[in-house]
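The values are calculated or read from the model by the stated rules, or taken from the named source; none is laboratory data. Quick caveat: nothing in here was measured; it's all calculated off a predicted structure. With ideal geometry, Cβ positions are generated from the backbone for all residues, glycine too; neighbour counts draw on all protein chains shown. For the accessible areas, the whole protein counts, side chains as well, though only heavy atoms, and no ligand, DNA or RNA atoms are used. Shrake-Rupley method; radii C 1.70, N 1.55, O 1.52, S 1.80 Å.
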Amino acid sequence: MANPSILILPGDGIGPEVMTEVRKVIDWLGARGHAFDVSEDLVGGAAYDKHGVPLADETMAHAQEVDAVLLGAVGGPAYDDLDFSVKPERGLLRLRKEMDLFANLRPAQCFDALADFSSLKPELVSGLDIMIVRELTAGVYFGEPRGIFEEGNERVGINTQRYSESEIERGARAAFELAMKRDKRLCSMEKANVMESGILWREVVTEVSKDYPEVELSHMYADNGAMQLVRAPKQFDVIYTDNLFGDILSDCAAMLTGSLGMLPSASLGAPMANGRPKAMYEPVHGSAPDITGQGKANPCACILSFAMALRYSFDLGDEATRLEAAVEKVLADGVRTADLMQAEGGSPVSTSEMGDAVVAALEASL
Ligand code: IPM
Ligand code: MG
């Protein structure tokens, strides 16, 4: 049987640096009987520089064919003034939309060794393990009409929040399925107090919950949800929310864990002919232009995203757990990239040293 295929899209900023470290993990697995066919291509500003668009059609077509896409990060100050239609972010959004990756899984887990790093008190976050499921292909990110229009003697900017029942439902099912494998609690967040799309959201999620009687469903207005996330984050197990609220709430949840440099994500779509879901894996952090090229980036979020790929795309749950444990071990041993340093001291390791430490921990785990 052919090896499973991976398309790596390192993108911009620190994307290529952190992806180099993921390659070390891929090579380590390859040498131990889990080989992948890895190809690499451009996305974001890097693709714009070469093709004049943030995602070439051939790259899009290739992404549709592989078993999983691994993406680094897109964007950077050099591209700030580009026309909206060719901004680096459009490349990422095109991948999400055309691959129909409707369920975006953003786990926020606080590693014990990092509890002191959170902006919240350690006791509020130690042991934190929540999973945000963000709907990723609809809502205000894609709704029509959109644009900037002339109206009388001024301009108006318009975006449209739009959700169909089926769009709400399929994400909800993904969230309930995850809840079944976890603590069986699901909190759905919307703004049913001001938005019709929120009313529909609540109705559909409630309907879907009938198929999951073991899961305890609750509803929360998204603004209250933001407040509760920083007040008492451990009350949550799985959160299901829309594209825009999920964007905001997941950044908020990420910071609880200490560093954005630790947070992985998986974006999953419908099963392909081979049974694997359409899938893209990416760190939640961005391209971090301020530290690009300095060897300071934390590769853990990208490495942990690859662990999610092992689990969700490649049926290698044991290897995923091994990789996550390796990252945890390295942190427990006090190995720290700059983002994980307390002000008072110690010397940080480089991106590459962090990747080597994770591979060494993998090796030691055998
Ligand atoms: C994210 C990012 C993206 C989003 C940007 C880069 C388009 O913030 O993945 O959370 O808004 O979805
Ligand atoms: Mg975001």
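So if I place +1 on the C-beta of Lys and Arg and -1 on the C-beta of Asp and Glu, and nothing else carries charge, what would the dipole magnitude of the chain be about its Cα centre? I want it in debye, nearest 20. Write out the running numbers ahead of the final one.
Working: 33 positive and 57 negative charges, 113 e Å.
Dipole size: approximately 540 debye.
Go ahead and set up a Gaussian network model of the chain, Cα springs under 10 Å, then flag whichever of LYS181, LYS50, LYS329 fluctuates most.
LYS181
Pull out the extension gain between ASP251 and ASP81, defined as 0.36 nm times the separation in residues minus the alpha carbon to alpha carbon distance; nm, one decimal.
The span from ASP251 to ASP81 would gain 58.7 nm if fully extended.
Over the alpha-carbon set of the stretch 129-256, divide Rg by the Kirkwood Rh and report the Rg/Rh ratio to two decimals.
My calculation puts Rg/Rh at 1.03.
Rounded to whole Å and sorted largest first, list the principal axis extents of the Cα atoms in the chain.
Taking max minus min along each principal axis of the Cα atoms, the chain gives 60, 50, 48 Å.
How much accessible surface does SER305 have with a 1.4 Å probe, in Å² rounded to 10?
0
Keeping all protein chains in place, calculate the accessible area per residue for the chain (probe 1.4 angstrom), answer in Å².
Averaged over the residues of the chain, the accessible area is 43 Å².
Roughly speaking, what is the stretch gain from ASN153 to LYS184, that is 0.36 nm per residue apart minus the C-alpha to C-alpha distance, in nm to one decimal?
Working: separation 31, 0.36 × 31 = 11.16 nm, distance 5.39 nm.
Length difference between fully extended and current span is 5.8 nm.
Picking from ILE158, ILE199, ILE14, which is most flexible by a Gaussian network model of the chain using Cα springs under 10 Å?
ILE158
Can you list the aspartates and glutamates whose alpha carbon sits under 16 Å from that of LYS184, skipping same-chain ones fewer than 8 residues off?
ASP129, ASP211, GLU214, GLU216, ASP237
Select from PHE236, PHE149, GLN161 the residue farthest towards the positive end of the dipole of the stretch 129-256; place +1 on Cβ of Lys and Arg, -1 on Cβ of Asp and Glu, and compute about the Cα centre.
Ranked along the dipole, the leading option is PHE236.
Given the options GLU324, GLU151, GLU196, which has the most mean-square fluctuation in a GNM of the chain, springs set between C-alpha atoms less than 10 angstrom apart?
Top of the fluctuation ranking is GLU151.
For every helix of n ≥ 4 consecutive DSSP H residues, a contribution of -39,500 (n - 2.57) applies; sum these over the chain, divide by its total residues, and give [θ] at 222 nm rounded to the nearest 500 deg cm²/dmol. Mind showing how you got there, number by number?
Values: 12 runs with 145 residues, N = 366.
Using -39500 (n - 2.57) per qualifying helix, the result is -12500 deg cm²/dmol.
Ranked highest first by the average count of other Cβ atoms within 10 Å around their residues, in what order do 209-218, 2-11 fall?
Ranking the peptides 209-218, 2-11 by packing returns 2-11, 209-218.
Given a 1.4 Å probe and every protein chain left where it sits, what share in percent of the accessible area of the chain is carbon and sulfur?
Roughly 51 percent, rounded to a whole number.
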